[in-house]
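Student: Structure incoming, see below.
No lab work stands behind these numbers, since they all come straight from the coordinates. Keep in mind it's a predicted model, so treat the numbers as computed, not measured. Backbone-built Cβ (ideal geometry, glycine too); neighbour counts: all protein chains shown.
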Amino acid sequence: MGTATDEIKSRLNIVDLIGEYVRLQKAGANWKARCPFHNEKTPSFSVSEDKQFWHCFGCGKGGDAFDFLMEIEGVDFKEALKDLAQRTGVEIPRYSGKKGMSQEAKNRIWEILEISTKFYEKQLWEGEGRKNALPYLKDRGIGDGSIKEFRLGYAPEGWKNLLEFLTGRGYELEDILKTGLLVEKNSEQKNQNSGYYDRFRDRIIFPIADISGRIVGFSARVAPGGDESQAKYVNTPETEAYHKSSALYGIDKAKMEIRSKDWVLLVEGNMDVIASWQAGIKNVVAVSGTALTSEQLNIIKRYTGNIKMFFDMDEAGQKAAKRSAELAFGKEMDVSIVEIKTGKDAADAARKDAPGFLKSVENSFPVMDYFINKLVSEYGKDSISGKKKIIKELEGLVSSFSNKVEKEHWIRKISEKLDVSEKVLFDSFGKSEYPRRKSDAGPEERIGAPIVQDRKNNIQIQIMGFLISDSEVWKKSLEKYEEEIDKFFSNQKIKDIIVTKGADAGFSFNKLFEKIEDLSQKSFLRKIYFENTEKGEEFPSFEEKMKLIDSYFSELKKEISKSQIKEIVECIRKAEETGDKEEAKRLTKELAELPRLRE
């Protein structure tokens with residue numbers, strides 16, 4: 001993929017990419033902003049347009065365009081590669097033996113889904129949807145702004161409204177079929193328009209977007225007064241674009257707020273999301289009527305490990321909450337549950353009492369406490385039969401914990417609540433083997449990291465930082481001070497970077513950076529690069545920069561001289577204590593020659 005990534009980087013300006021997510025301000029040669037990955041008042045997030053990378057001095061994160069997109073969107077490298085390839089128009093070569101859909105074909109699917117969304121929107125605001133669908137949404141407490149924000153629409157009655165609209169716009173039947181918007185009426189007539197009809201008819205349309213905001217499918221609710229004998233909700237089937245197991249309604253709008261708040265409100269339906277969003281909770285997503293999946297949890301975990309769950313209060317909703325909690329515990333996520341006094345679901349609660357709804361979400365409590373208390377209230381804890389039922393009901397939840405500490409904590413709490421020994425509970429819940437955690441390795445040797453308080457090492461770091469920030473100064477300094485670097489630099493990695501690797505890279509920071517594979521070294525180099533480009537702006541001319549380098553080397557010699565003097569004086573003292581006059585005399589002579597280092 002090297003060629004594709006290089007091509008993407010050559011076409012992409014990292015400032016433009018990052019500027020889509022944060023407000024960048026010019027600061028000398030670089031750009032600055034408040035870091036999107038941690039809360040801060042003073043900007044410590046820097047972006048280099050020249051070097052095409054970023055670094056935050058607050059949280060220590062940094063990297064190139066791919067690293068930023070992976071961090072901000074919570075995606076892996078493969079997904080970031082696809083996203084940036086699409087942005088820049090770079091074709092990613094296929095290495096799999098399987099024949100897959102081309103990028104061009106996928107783009108057509110997304111294009112058809114987008115124009116279909118616009119068709120449905122227009123039908124809601126200007127077409128037949130004005131009569132029943134729009135008033136229904138408003139009666140449910142959904143305002144115009146929310147309807148437009150979530151791009152709700154209406155699929156009119158009739159069998160071929162969308163089909164004729166799309167074919168009239170020049171889209172091929174074969175491509176429309178791949179979106180899931182049509183149903184095949186008769187397989188023998190599949191090459192004729194008469195063999196297909198619109199999947200959604202007389203329904204309120206809820207577009208479903210992926211993390212990037214692209215429409216991938218739809219959820220369609222039967223319109224008021226519509227045919228209630230049909231399913232209340234009909235969703236897009238599995239397609240190349242839409243995968244039910246990984247779809248989360250509202251994730252495109254909620255992702256940044258989830259990261260910022262460090263928790264997500266997980267609800268059941270589309271209306272629940274919109275009502276919660278309208279009430280002020282922007283970090284909300286829905287499973288859209290399906291059971292929560294491992295894939296959906298993996299997406300959520302990219303942004304937070306904390307879930308506040310608000311499922312319907314009926315029996316089905318409670319079972320779904322329990323099963324969802326079990327899945328989340330297996331991924332070491334924290335789950336709390338929202339309980340309401342009024343309303344059957346989030347949409348109902350938010351509409352009837354928005355302040356009370358927000359308070360309930362704020363006061364959510366651990367899901368284990370919720371189910372323990374609920375089961376104790378239901379079965380009682382004083383009888384043997386009651387205790388057995390409670391333990392059986394809790395078995396799935398407790399056994400699902402992948403974290404040993406959490407599991408032991410809740411077994412101890414259940415033990416105290418039911419007055420049953422922990423040993424009995426461990427036996428009842430089943431013994432589990434837990435993977436051992438790897439012991440923390442000793443500190444890796446990193447550039448400058450092991451001896452932060454050592455002034456000699458810090459001066460070497462300052463020299464390296466200033467050299468890599470200016471190729472001309474770097475080359476000249478190496479010509480002038482190569483002997484001193486070899487003689488006085490105690491940090492071998494610094495010496496290797498500024499001498500050997502620097503020369504191999506032609507004194508180009510970008511080329512040097514590409515050659516380094518150690519991620520901790522890359523992070524450290526980005527940090528000192530930004531520190532020294534800012535310092536370099538205080539010394540604009542080449543002559544001033546060289547004077548600064550001269551002063552650094554002068555300071556380094558002085559520090560080395562001080563260390564040597566201190567060491568020799570200590571040796572002289574020991575020689576005199578032992579009566580070794582010859583050794584004391586030799587050391588005194590060596591000491592007398594040291595001041596030449598300060599010349």
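Student: Nearest 0.05, what FRET efficiency do residue 517 and residue 314 give at R0 = 41 Å with Cβ-Cβ as r?
Tutor: Calculated value: 0.15.
Student: Amide H to amide H under 5 Å from residue 35: which residues, 5+ apart in sequence or cross-chain, H placed 1.01 Å off N in plane?
Tutor: The answer is 44, 45.
Student: If you don't mind, there's one more thing I want to ask. With label points built 7 Å along Cα→Cβ from the Cα atoms of residue 499 and residue 149, find their separation and express it in nm.
Tutor: 6.1 nm
Student: Highest mean first, how do 50-63, 158-171 rank when packing is the count of other Cβ atoms within 10 Å averaged over residues?
Tutor: So the peptides 50-63, 158-171, ranked by packing, come out 50-63, 158-171.
Student: Report the full-extension gain for the segment residue 490 to residue 59: residue separation times 0.36 nm, less the Cα-Cα distance, to one decimal in nm.
Tutor: 152.3 nm
Student: Sticking with this one: Could you run the Karplus curve 6.51 cos²θ - 1.76 cosθ + 1.60 with θ = phi - 60° over the stretch 71-84 and give me ³J(HN,Hα) per residue in whole Hz, x for Gly and Pro?
Tutor: 6, 6, 9, x, 10, 8, 4, 4, 5, 5, 4, 4, 4, 5
Student: With each pseudo-label sitting 7 Å past Cα toward Cβ, what's the residue 359-residue 290 distance in nm, one decimal?
Tutor: 3.7 nm
Student: Under a point spin-label approximation (7 Å from Cα along Cα-to-Cβ), what is the residue 550-residue 344 distance to one decimal in nm?
Tutor: 8.5 nm
Student: In degrees, nearest 10, range 0 to 90: what is the angle between the Cα axis of helix 471-488 and the longest Cα principal axis of the chain?
Tutor: Result, in degrees: 50.
Student: Would you mind calculating the relative contact order of the chain from Cα pairs under 8 angstrom and at least 6 residues apart, reporting the percent as a whole number?
Tutor: 8 percent
Student: Between residue 246 and residue 568, what length in nm is gained on full extension when 0.36 nm per residue of separation is reduced by their alpha carbon distance?
Tutor: Stretched out fully, the residue 246 to residue 568 stretch lengthens by 109.1 nm.
Student: Given H placed 1.01 Å from N in the peptide plane, which residues other than close sequence neighbours of residue 49 have an amide H under 5 Å from its amide H?
Tutor: Here the answer is 31, since their amide H atoms fall under 5 Å of that of residue 49.
Student: Can you compute the FRET efficiency between residue 21 and residue 131 using 1/(1 + (r/R0)^6), with r the Cβ-Cβ distance and R0 = 41 Å? Round to the nearest 0.05.
Tutor: According to the calculation, E is roughly 0.50.
Student: Oh, and also: I'd like the antiparallel share, as a percent to the nearest 5, of DSSP beta bridges with both residues in the chain.
Tutor: Around 75 percent antiparallel, to the nearest 5.
Student: Let me ask something else about it. What's the tally of Lys pairs in the stretch 1-61 whose alpha-carbon atoms lie under 18 angstrom apart, where the two lysines are 8 or more places apart or on different chains?
Tutor: Within the stretch 1-61, the lysine pair count is 8.
Student: Give me the net charge for the shell around residue 580: Cβ to Cβ below 11 angstrom, other residues only, Lys and Arg +1, Asp and Glu -1.
Tutor: 0
Student: Check residue 217: other-chain or 5+ apart residues with amide H under 5 Å from its amide H, H built from backbone geometry?
Tutor: Residues meeting the amide H criterion: 208.
Student: Grab the Cα-Cα distance for residue 256 and residue 230, subtract it from 0.36 nm times how many residues apart they are, and report the gain in nm with one decimal.
Tutor: Roughly 5.6 nm would be gained on extension.
Student: Now, a different point. Calculate the dipole size of the chain relative to its Cα centre from +1 charges on Lys and Arg beta carbons and -1 charges on Asp and Glu beta carbons; express the result in debye to the nearest 20.
Tutor: 840 debye
Student: What are the extents of the Cα atoms of the chain along their three principal axes, in Å, largest first?
Tutor: 108, 72, 49
Student: Once R0 is set to 25 Å, what does the formula 1/(1 + (r/R0)^6) return for the Cβ-Cβ distance between residue 590 and residue 482, expressed as a FRET efficiency to the nearest 0.05?
Tutor: 0.45
Student: So for the stretch 221-312, averaging the separation of alpha carbon pairs under 8 Å that are six or more residues apart and normalising by length, what relative contact order in percent results?
Tutor: Averaging sequence separation for qualifying contacts and normalising by length gives 32 percent for the stretch 221-312.
Student: Determine the calculated [θ] at 222 nm for the chain from helices alone, applying -39500 (n - 2.57) to every DSSP H run no shorter than 4 residues and normalising by the residue count; nearest 500 deg cm²/dmol.
Tutor: Taken over the chain, the calculation gives -16000 deg cm²/dmol.
Student: Within the stretch 103-242, count lysine pairs with alpha carbon atoms under 13 angstrom apart where the residues are 8 or more positions apart or belong to different chains.
Tutor: Going through the stretch 103-242 pair by pair, I get 5.
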